[in-house]
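Enquirer: Attaching a single structure in structure tokens format; questions to follow.
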Amino acid sequence: MIKTIELFAGVGGFRLGLEQNKNFKIIWSNQFEPLTKAQHASEVYVARFGNKNHSNQDIAQVINKDFDSIPDHDLLVGGFPCQDYSVARTLKNSSGIQGKKGVLWWSIHDILVKKHNKPKYLMLENVDRLLKSPVSQRGRDFAIMLASLSDLDYVVEWRVINSAEYGMPQRRKRVYIMAYQKSSNIGQSILALKSPTDWIFKNGTMQNAFPIKGYNEKISPFNLVGSLEDISNDKINFNQKIKPFGTLGLMIDRKVYTDSPVSDYSGPKITLGDILQDEKDIPSEFFISSSDLDKWKYLKGSKKELRTATSGHQYHYSEGPVTFPDNLDSASRTIITGEGGKSPSRFKHVVKSESGKLRRLTPIELERLNMFPDNHTEGATDAKRAFFMGNALVVGVVKKLGDELAKFD
């Protein structure tokens, strides 16, 4: 049994993916939204999974004041918010490193530092721009993460995965990060390889789950040098022109192997049309009224027009068209947090029903695009349910990664 804790749990995407495999058990979870009194995501999580061993408190407060409530575990998972990590600084009278207050990567780091029995594995998810943030120092944030994990004796691999490229119903591109304690079975297997890149290109966890092709077998590695503070201040190796991290890679002892190959998949594919509900089951408010149609067409269409800023400055604005209605014969566009509500939008999905009517996607259809069970978020408002799915991950990706991890454990 791989005992797992789920941080930044949202409505439970990691749990849904992992617990389809009997080898995984979520033994503790945390979900807290700091910007509002209402804890809607946590309420959905509790409604689906129960409140036993679930924390709805600021994770930093839990770590600082109630750390013993976090049980020892084999695997730590979480889709932590992407924030500015330009922060590593040496603490006075301490050899430790502290990040900017509120930057949630450092909560994960603090758990790893404080745990005597560190988890064997990490499985983390983030937006792919993490690999090239911030704009002024491309890749520095990710370098800080990698270096800090290396200093805690983890081997790390990562891969940018577009779920649609592996047959799933939504084009959602995210970076998934797997870390393995050197002393774990997987860590030992990687360290024993004559060529470390064999793990990421031939027979490793991520390659087995999400195969790639067109890779460079003779990668020239580079090293992450210096303290975390040094990396934070480094504007030579991390600048606007240099993008050191490719779409996949492996780090061992701060030595980084990275490349940007392409997906290798030829199996069945789920389309947007495949996940749609029967038209007779669609509430009337999801259909677009004739009075709003012109507004939808304008927002979805191409534009080249003169606009005036609040300062009075005039400028030329242009943008290309968005497919309207959305194509039913391929995977959907990426779900955004603002999918809910009746108001016309350039970014919301619009489909043509069997009768020819245009309509928005329902909460159930948005859940299906992320491969959640139907009505997983039932009980919240439609707008909030759409928001949850805009923030969620694709459950099928986690399932495949978990299945491969369990095989190696």
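Enquirer: Go through the stretch 378-397 and give me each residue that's part of a loop (DSSP other than H, G, I, E, B), buried (at least 17 other Cβ atoms within 10 Å of the Cβ) and either in contact with a Phe, Trp or Tyr (Cβ under 8 Å, 6 or more places away or on another chain) or not aliphatic (A, V, I, L, M) (or both).
Expert: The answer is Ala392, Leu393.
Enquirer: For Met371, all conditions in the list (1) more than 22 Å from Ser330 (Cβ to Cβ); (2) in contact with a Pro (Cβ under 8 Å, 6 or more places away or on another chain) hold save one; what is the number of the exception?
Expert: With (1) more than 22 Å from Ser330 (Cβ to Cβ); (2) in contact with a Pro (Cβ under 8 Å, 6 or more places away or on another chain) applied to Met371, the lone miss is (1).
Enquirer: Just to confirm my filter: which helices (runs of 4 or more DSSP H) fall fully inside the stretch 120-217 and include at least 2 residues that are touching a Gly at 6+ places or on another chain (Cβ under 9 Å) and closer than 21 Å to Val103 by Cβ?
Expert: 140-151
Enquirer: Now a separate question. If the requirement is being over 29 Å from Phe408 (Cα atoms) and modelled with pLDDT of 80 or more, which of these qualifies: Ser107, Ser136, Ser95?
Expert: Ser136
Enquirer: Do we have Phe67 as among the aromatic types (Phe, Trp, Tyr), within 20 Å of Gly402 (Cβ to Cβ), modelled with pLDDT of 95 or more and surrounded by fewer than 21 Cβ atoms within 10 Å (Cβ to Cβ) here?
Expert: no
Enquirer: Just to be sure, is Gly214 of a type outside the set (S, T, N, Q), over 20 Å from the mean Cα position of the chain (by Cα) and farther than 28 Å from Lys407 by Cα?
Expert: Here the answer is no, as Gly214 does not meet what is asked.
Enquirer: Sticking with this one: Please list, ordered by residue number, the strands (runs of 3 or more DSSP E) wholly in the stretch 226-333 having 2 or more residues that are assigned by TED's automatic domain parsing to the domain that holds Val175 and at negative phi.
Expert: Ranges flagged: 248-252, 255-259.
Enquirer: Right, next: Give me a count of the residues in the stretch 1-40 that are closer than 17 Å to Thr381 by Cα and touching a helix residue (DSSP H, G or I) at 6+ places or on another chain (Cβ under 6 Å).
Expert: Summing the residues that are closer than 17 Å to Thr381 by Cα and touching a helix residue (DSSP H, G or I) at 6+ places or on another chain (Cβ under 6 Å) in the stretch 1-40 gives 3.
Enquirer: Are any of the residues in the stretch 364-374 without any contact (Cβ under 8 Å) to a residue 12 or more places away in the chain and in contact with a Lys or Arg (Cβ under 9 Å, 6 or more places away or on another chain)?
Expert: yes
Enquirer: Looking for whichever is of a type in the set (Ser, Thr, Tyr) and in contact (Cβ under 8 Å) with a residue 40 or more places away in the chain here; the options are Thr36, Thr4. Which one fits?
Expert: After applying the criteria, what remains is Thr4.
Enquirer: Okay, moving on. Name the pairs whose Cβ atoms lie under 8 Å apart, with the first residue in the stretch 286-304 and touching a residue at least 12 places away in the same chain (Cβ under 8 Å), the second surrounded by fewer than 13 Cβ atoms within 10 Å (Cβ to Cβ) and of a type in the set (Asp, Glu), and 6 or more positions between them or separate chains?
Expert: Correct list of pairs: Ser302/Glu319; Lys303/Glu319.
Residue-by-condition table, conditions (1) closer than 24 Å to Ala392 by Cα; (2) in contact with a helix residue (DSSP H, G or I) (Cβ under 6 Å, 6 or more places away or on another chain):
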site	(1), (2)
Thr271	yes, no
Lys280	no, no
Leu306	no, no
Thr310	no, no
Gln314	no, no
Pro321	no, no
Ile336	yes, yes
Gly340	yes, yes
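Enquirer: Pairs under 9 Å by beta carbon, first residue in contact (Cβ under 8 Å) with a residue 24 or more places away in the chain and within 11 Å of Lys352 (Cα to Cα) in the stretch 270-282, partner assigned to a helix (DSSP H, G or I) and of a type outside the set (Lys, Arg), six or more apart or different chains?
Expert: That search, which allows pairs on different chains as well, returns Leu276/Glu365.
Enquirer: Out of all the residues in the stretch 346-355, is one or more in contact with a His (Cβ under 9 Å, 6 or more places away or on another chain), closer than 21 Å to Pro169 by Cα, modelled with pLDDT of 95 or more and part of a loop (DSSP other than H, G, I, E, B)?
Expert: For the stretch 346-355, residues in contact with a His (Cβ under 9 Å, 6 or more places away or on another chain), closer than 21 Å to Pro169 by Cα, modelled with pLDDT of 95 or more and part of a loop (DSSP other than H, G, I, E, B): absent.
Enquirer: Also, quick follow-up: Which of (1) within 30 Å of Ile2 (Cα to Cα); (2) at pLDDT 95 or above; (3) surrounded by 13 or more Cβ atoms within 10 Å (Cβ to Cβ); (4) not acidic (Asp, Glu) does Asn375 not meet, given it meets every other one?
Expert: So Asn375 meets the others, but not (3).
The values are calculated or read from the model by the stated rules, or taken from the named source; none is laboratory data. Predicted, not measured: the structure shown is a model, and the values here were computed from it. Using ideal geometry, Cβ is built from the backbone for each residue, glycine included, and neighbour counts are taken over all protein chains shown.
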